[in-house]
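Colleague: Quick one: this structure, given as structure tokens, is what I'll be asking you about.
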Amino acid sequence: MSFLVIQFLTGLSSSVSLFLTAAGLTVIFGVTRVVNFAHGSLFMLGAYIGWTILTRLPHDPVWFVAGIAATALAVAAIGAALETTLLRRLYHAPELFQLLATFGVMLVIQDATLLLWGPNDLPLPRASWLRGFVTILDSRFPLYDLVLIAIGPFVLVSLLLLLSRTRFGMLIRACTENRDMAAALGIDQRLLSTTIFALGAGLAGLGGALILPDTSANTQMDLSVIVEAFVVVVVGGMGSVGGAFLASLLIGELQAFGIVFFPHATLVLIFVIMAAVLTIRPNGLLGDIPLTAPNQTTRILFTRPSPTLFWLGGAVVALAAATPFWLPPYWLSVETEVLIAALFASGLHLMMGPGGMISFGHAAWFGIGAYASALSLKMLAAPMPLALLAAPVATGATAALFGWFVVRLSGVYLAMLTLAFAQIVWAVATQWTWLTGGDDGILGVWPSGPVPFFWWVLALTAIAIWLLQRVIRSPYGLALMAARDSEPRALSIGLQPERLRMVAFALSGAAAGLSGGLFAFKTGSVFPTYVAVGKSVDGLLMVLLGGIDTAIGPIVGAIAYTGLYDLLLQTVSLWRMALGLTIIALVLLFPDGLAGRWRRS
Amino acid sequence: MLSRRTLLGTTAVLAAPAIVRAQPAPIRIGEINSYSAIPSFTLPYRNGWQLATDEINARGGVLGRKLEVISRDDAGKPQDTIRLAGELLDEQKVDILAGGYLSNVGLALSDFAAQRKCLYVAGEPLSDALVWEKGNRTCFRLRPSTYMQAAMLVEEAAKLPAKRWVTVAPNYEYGLSTVKWFKALLSAKRPDVEWVGEQWPALGKIDAGATAAALAEAKPDAILNVTFGPDLTNFVRQGNTRGLFENRSVVSVLTGEPEYLEPLGDETPVGWIVTGYPQEQVTTKANQAFIAAYKARFEKVPGMGSVVGYTLIQSIAAGIAKAGALDLDKLVDGFSGATFDSPFGSAAYRSLDHQGTLGTFVGTTALKDGKGTMVDWRYANGADYLPTDQVVKSLRPNAG
Amino acid sequence: MTLLSVRALTKSFGGNAVVRGVSFDVAAGEVVALIGPNGAGKTTCFNMLNGQLQPDAGQIRLDGTNIAAWSPDRIWRLGVGRGFQIAATFGSMTVRDNVRTALISRNRTVWRFFRPAAHEFTREADALLDQVGLKHLAGQGCGTLAYGDLKRLELALAISNQPRLLLVDEPTAGMAPPERRAVMDLLLMLARNNSCAVLFTEHDTDAVFRTADRILVMADGALIAEGDATAIRANSRVRTAYLGE
Ligand SMILES: Nc1ncnc2c1ncn2[C@@H]1O[C@H](COP(=O)(O)OP(=O)(O)O)[C@@H](O)[C@H]1O
Ligand SMILES: [Mg+2]
């Protein structure tokens, strides 16, 4: 009994910092409709700035509170600066661009943090009162955790009061519910957006600073927090502060009790709950923002592949087939990777371009394909061609099943759900050790030799990409684009957009799966890191670089991105910052789409 | 995550004066580690191998050739490790691969090197699989394995009166295999011991409060801790506040290493039985000389990582010298049984399983001037903590 | 003969009753106008008629079959074409491909993945475009069209399935007067040529009185009057609804 109470309280206290962060994310989304990927970085800055301030202050509680407050204000100021210099310019850009820009900001902040504070974890020395405890039912419980438990509801109530009782809150609600109406009524949205961004960032900073007595400031916290905060915001309902509170409680308790009952599967639990909630309540627990279709965009003509291009492509493939005869082995291996990347991007493009669905978790299919290949080789002793076949088959089937759940959603919700699914796959790959080998992965997935394998890759990617191009040109491809361009119109000429999208989802997944299978053989191994968020972002960047409204875009994008990435990697030590700045510059300089091809009315 | 950085030009020969002289081409060692992901260990480690390389080159190198280390950062992502290893072999034409920190990276490198028929010398990865289940002819490993660390600690643990044990370990190869061996070895010595609970936090994601409470709920007499780094700091803080460690024995792997002890600061728990490195307390000539040279160059006291980096290069030099040539068969023969010097004294690579006999220190933690330190320590020689040759042969099915 | 028979059609959004018990008939080949102030519930009615919204209650019989809550594609296959208040076309395609897509759907060749779409129904598409006077723009991107031409394209899409009933929501909204007249005439001509009935909404009262065989008037979600032009002009409830008299 006492144990259950203690565990319950522990779950409560560990949910608080997550709630603060997620509340910030959700109010920002409510007003600006920006999904702020850099929110985890603001949390991290809260921890680092808090460390810097608190280590310089006297150790009594009053100074601690002052230091935490100063940290929150400092991070709020950073948030305001971010909003006025960058995000303000992106409110009318497609959602994907906002996501990418904030992802770029995250990369920049990662390297900036490393530069400013160095690589080591920074633990905050705990003053004696922070080590205090109270005795609850014969068990000791940290005093500080009790303080945290009190802070959560306090912030919740303050936020709710702020939203419901003040003029500022009224304006916020007006904007959350109907931006256009609010604009028509002459509300100064710029000022409001800046303020709300500062508020959200301040909350994240507060969340980051408050964990310091328990956890050292470290450079990995941004990504782990942002993924959890996304889960909370989506589960709670985007834009809902109360929902964020409920969802973070749910997750805190889930972790506290999860480790008791499933000590090996703590990671999987969260994402399974998320998927369950969203299947039952697609808007989240308390979500009230309707799932509107993404902003209507007038698109320019989609450039479909012309027959000449096919001949040109054939010639390129023929030339490529000869490269093993003169290219040094390392460059042959780079070429192999580019081919695999091109297939990955082409699959993603089918879904994002003609399909009009943003995937933020395409790494899931890449990873499933890789595991499918490796496992059929290792467990079923399948020869390489069969193992490679297993990849698109397994992935296509899984993607079709998953697609069946998600094609009803659109825009950011769809993107978030794909992200959640990728995280589930990642967690399963990490924790289902007997099947996947856990973090150790599966080794010894080698092809017979690099040159024959290169030909395999060339042949398979060429055929798969050619098939994808045929699909885009086919009647099905036309119907898919129709469903994307105007759903009401597509419905009223007898098309079935959801089915069309589900098939696109499956095809796109199968292509990513095949590229994952090839990559498994390329690397001779499979690891959970194949499913990491970064892999999904790689794909998005390739597609956007190439231009979303042309069929050959993803191929060009894959080559350009792999080249850019390698170049940055080899020449700049702060390559994350360089990549982040490049992304931001691309998004800012081409607000209508990188290839100038995604125009808005 | 995305962090990956190629450390161009971190070659040790850069320190040498730029005298253009006809010289035989240097022996190239391709080194990969998770520099940006685990800086607290790998930066002292890099200092260590730089120091060793320069010392060896100052003495005239090996086989009349200088050593050149070409280093890469894989940021802890095993697929990048393999890609970079390919680059080192194919572009940089290195003769030997070395490095690794996490066990999974080590296993991946070993598999790659076997595939490409190249020698791989693992420094830090502790997985037993590296030399046993997945052991292969081309892989050698320097540090005491999880088995050896467990065996060293079990020796002390068996003396404790404790009967009810719980374990907490990161949920991946290193944690799993340490717990497995510790349980097996302790149960063999003390059949009266009961295992009453286990916790497997994901690496880097421990929910310390809940974990500590769950462990306490099992009412154990003793705890085996395998967490390290930031997880350890969180765990110790929650455990201290909640009184988890009071009136209980704790046995903890690697916690005595300066890299992990230092962040604990004045919260370092007293009386834990740990493996580690008591730095300047070790007054052997080898260790004092090493510390002096290290301090002179880097103005810091070396950590365990420094010892590993330093000894890794020393052992490679010894192996090459004994082999007399750089082709794979000669190298394997040369490394098998090669003896080398380390700050801890002389050690060797066993020809039986390619495991190094380098040992480590076993002692208890203590607080001194608000900092953690090791007391009552002794050096445990790696050679003394390995199963019989018969057992090892059966554990190592695939390799000669 | 009654083609469409709507009975007690009802829909509310979150407690807000938007369509309340609307009942009316449309005979085969008849041209019926549905008018009413903004927000009366006309578009909502249309959305229920072609399956894009599910009614809360009521029946929609097409040739005797109750199609209420059927999916849009099934309703479309029964021969119901639709034009939207704000022209809805496929913006990233050429004009010809817009029509081609509709023909692909009609001929059930959607699930062909391999054959180039460019080979499908080009002649038929051009014939349809000819009917609405857009043949000369067939190769143009849809995004470059003038609004009037977009409305014409919509008509081409709406008649691509040789419908028996056309639902057209404000066909001339947002157009200059001469263009309005031309589009209205085109609509009537298409209906006559295909011998299909038309149910349309329109704010241009001249057009309504000139073209409709019968007029239905909605206000606040309910049908308040029905009759020919003269009857409607004289109806006091209509005057109240529109003029607040
Ligand atoms: N999806 C919806 N959700 C909530 N209210 C709606 C929705 N669609 C329409 N309405 C409301 O229903 C009423 C009728 O709208 P509509 O059918 O478009 O009228 P009309 O076409 O006659 O101008 C309006 O008050 C409108 O605000
Ligand atoms: Mg309307």
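Colleague: For residues in region A:467-486 being at pLDDT below 90 and farther than 14 Å from A:Val503 by Cα, which is surrounded by the fewest Cβ atoms within 10 Å (Cβ to Cβ)?
Modeller: It comes out as A:Arg470.
Colleague: What do you reckon, is A:Val234 farther than 26 Å from A:Arg33 by Cα and in contact (Cβ under 8 Å) with a residue 12 or more places away in the chain?
Modeller: no
Colleague: Kindly provide the set of residues from region C:47-88 that are over 23 Å from C:Arg214 (Cα atoms), away from ligand 2 (no atom under 16 Å from the Cβ) and small (Gly, Ala, Ser), ordered by number.
Modeller: Residues satisfying the conditions are C:Gly51, C:Ala57, C:Ala68, C:Ala69, C:Ser71.
Colleague: Would you mind telling me which numbered condition in (1) within 14 Å of chain C (Cβ to nearest Cβ); (2) within 24 Å of A:Leu389 (Cα to Cα) A:Met481 fails?
Modeller: Evaluating A:Met481 over (1) within 14 Å of chain C (Cβ to nearest Cβ); (2) within 24 Å of A:Leu389 (Cα to Cα) leaves (2) as the failure.
Colleague: Within region C:69-90, can you find the residues that are of a type in the set (Gly, Ala, Ser), under 18 Å from A:Gln496 (Cα atoms) and assigned to a loop (DSSP other than H, G, I, E, B)?
Modeller: Within region C:69-90, C:Ala69, C:Ser71, C:Gly79, C:Ala88 qualify.
Colleague: Does region C:114-132 contain at least one residue that is more than 11 Å from chain A (Cβ to nearest Cβ), open to solvent by less than 50 Å² (accessible area, probe 1.4 Å) and assigned to a strand (DSSP E or B)?
Modeller: Among the residues of region C:114-132, not one is more than 11 Å from chain A (Cβ to nearest Cβ), open to solvent by less than 50 Å² (accessible area, probe 1.4 Å) and assigned to a strand (DSSP E or B), which makes the answer no.
Colleague: Where in region B:82-158 are there strands (runs of 3 or more DSSP E), lying wholly inside it, with at least 1 residues that are closer than 18 Å to B:Arg396 by Cα and in contact (Cβ under 8 Å) with a residue 60 or more places away in the chain?
Modeller: So the answer is B:119-122, B:139-141.
Colleague: Among the residues of region B:71-95, how many are in contact with a helix residue (DSSP H, G or I) (Cβ under 7 Å, 6 or more places away or on another chain), surrounded by fewer than 24 Cβ atoms within 10 Å (Cβ to Cβ) and among the aliphatic types (A, V, I, L, M)?
Modeller: Qualifying residue count for the region: 1.
Colleague: Output the residue which, of all residues in region B:291-302 that are open to solvent by 10 Å² or more (accessible area, probe 1.4 Å) and away from chain A (no Cβ under 14 Å), is nearest to B:Asp221 (Cα to Cα).
Modeller: Per the stated criteria, the residue is B:Val301.
Colleague: Among the residues of region A:404-429, write down those that are within 30 Å of B:Tyr174 (Cβ to Cβ), of a type outside the set (Gly, Ala, Ser) and open to solvent by less than 10 Å² (accessible area, probe 1.4 Å).
Modeller: The one that is within 30 Å of B:Tyr174 (Cβ to Cβ), of a type outside the set (Gly, Ala, Ser) and open to solvent by less than 10 Å² (accessible area, probe 1.4 Å): A:Leu419.
Colleague: I need a count of the residues in region A:207-225 that are within 9 Å of chain B (Cβ to nearest Cβ), open to solvent by less than 30 Å² (accessible area, probe 1.4 Å) and among the small types (Gly, Ala, Ser).
Modeller: Residues in region A:207-225 being within 9 Å of chain B (Cβ to nearest Cβ), open to solvent by less than 30 Å² (accessible area, probe 1.4 Å) and among the small types (Gly, Ala, Ser): 1 in total.
Colleague: Taking the condition within 16 Å of ligand 2 (Cβ to nearest atom) and hydroxyl-bearing (Ser, Thr, Tyr), does C:Thr44 pass?
Modeller: Criteria met by C:Thr44.
Colleague: Among (1) more than 8 Å from every other protein chain (Cβ to nearest Cβ); (2) not in a loop (DSSP other than H, G, I, E, B), which single condition is A:Pro447 missing?
Modeller: Failed condition: (2).
Colleague: Of the conditions (1) assigned to a helix (DSSP H, G or I); (2) within 12 Å of another protein chain (Cβ to nearest Cβ); (3) open to solvent by 20 Å² or more (accessible area, probe 1.4 Å), C:Asn161 fails just one. Which one is it?
Modeller: (1)
Colleague: To continue, here is another question. Is it true that B:Arg143 is of a type in the set (D, E, K, R) and more than 14 Å from chain A (Cβ to nearest Cβ)?
Modeller: In short, yes.
Colleague: Still on this model: Going by the structure shown, is B:Trp181 over 25 Å from the mean Cα position of the chain (by Cα) and more than 7 Å from chain A (Cβ to nearest Cβ)?
Modeller: No.
Colleague: Ok, one more. When the residues of region C:28-44 are filtered to those that are β-branched (Val, Ile, Thr) and more than 14 Å from chain A (Cβ to nearest Cβ), which remaining residue is nearest to ligand 1 (Cβ to nearest atom)?
Modeller: Looking at residues that are β-branched (Val, Ile, Thr) and more than 14 Å from chain A (Cβ to nearest Cβ), I get C:Ile35.
Colleague: Being more than 14 Å from chain B (Cβ to nearest Cβ) and within 24 Å of A:Ala387 (Cβ to Cβ) narrows it down to one residue among A:Ala532, A:Ala551, A:Ala512; which is it?
Modeller: Of the residues listed, the single one that is more than 14 Å from chain B (Cβ to nearest Cβ) and within 24 Å of A:Ala387 (Cβ to Cβ) is A:Ala512.
Colleague: Answer yes or no as to whether B:Glu257 is of a type in the set (Asp, Glu), within 13 Å of chain A (Cβ to nearest Cβ) and free of Cβ contacts under 8 Å to residues at least 60 places away in the same chain.
Modeller: No; evaluated as a whole, the condition is false for this residue.
Colleague: Residues to consider are A:Leu162, A:Leu137, A:Leu156, A:Leu114; find the one that is without any contact (Cβ under 8 Å) to a residue 60 or more places away in the chain and either within 13 Å of chain B (Cβ to nearest Cβ) or not aromatic (Phe, Trp, Tyr) (or both).
Modeller: Going through A:Leu162, A:Leu137, A:Leu156, A:Leu114 in turn, the sole match is A:Leu162.
Yes or no, residue by residue, for (1) away from ligand 2 (no atom under 16 Å from the Cβ); (2) under 19 Å from C:Cys45 (Cβ atoms); (3) under 19 Å from the mean Cα position of the chain (by Cα):
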site	(1), (2), (3)
C:Thr144	yes, no, no
C:Leu157	yes, no, yes
C:Gly174	no, no, yes
C:Met189	yes, no, yes
C:Met218	no, yes, yes
C:Thr230	yes, no, no
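Colleague: Could you tell me which of the residues A:Ala81, A:Ala74 is open to solvent by 30 Å² or more (accessible area, probe 1.4 Å), over 12 Å from A:Phe197 (Cα atoms) and at pLDDT 90 or above?
Modeller: Sole residue among the options that is open to solvent by 30 Å² or more (accessible area, probe 1.4 Å), over 12 Å from A:Phe197 (Cα atoms) and at pLDDT 90 or above: A:Ala74.
Colleague: Restricting the search to region C:53-72, which residues are open to solvent by less than 50 Å² (accessible area, probe 1.4 Å), within 12 Å of chain A (Cβ to nearest Cβ) and more than 10 Å from ligand 1 (Cβ to nearest atom)?
Modeller: Listed by number, the residues that qualify are C:Ser71, C:Pro72.
Colleague: Does C:Arg20 satisfy being surrounded by 15 or more Cβ atoms within 10 Å (Cβ to Cβ), touching a residue at least 24 places away in the same chain (Cβ under 8 Å), within 13 Å of ligand 1 (Cβ to nearest atom) and in a strand (DSSP E or B)?
Modeller: yes
The values are calculated or read from the model by the stated rules, or taken from the named source; none is laboratory data. Source: prediction; values computed, not measured. Quick reminder, even Gly has a Cβ in these numbers, built from the backbone with ideal geometry, and neighbours come from all protein chains shown. Ligands, DNA and RNA are stripped out before the accessible areas are found, and what is left, the full protein with its side chains, is counted by its heavy atoms. Shrake-Rupley method; radii C 1.70, N 1.55, O 1.52, S 1.80 Å.
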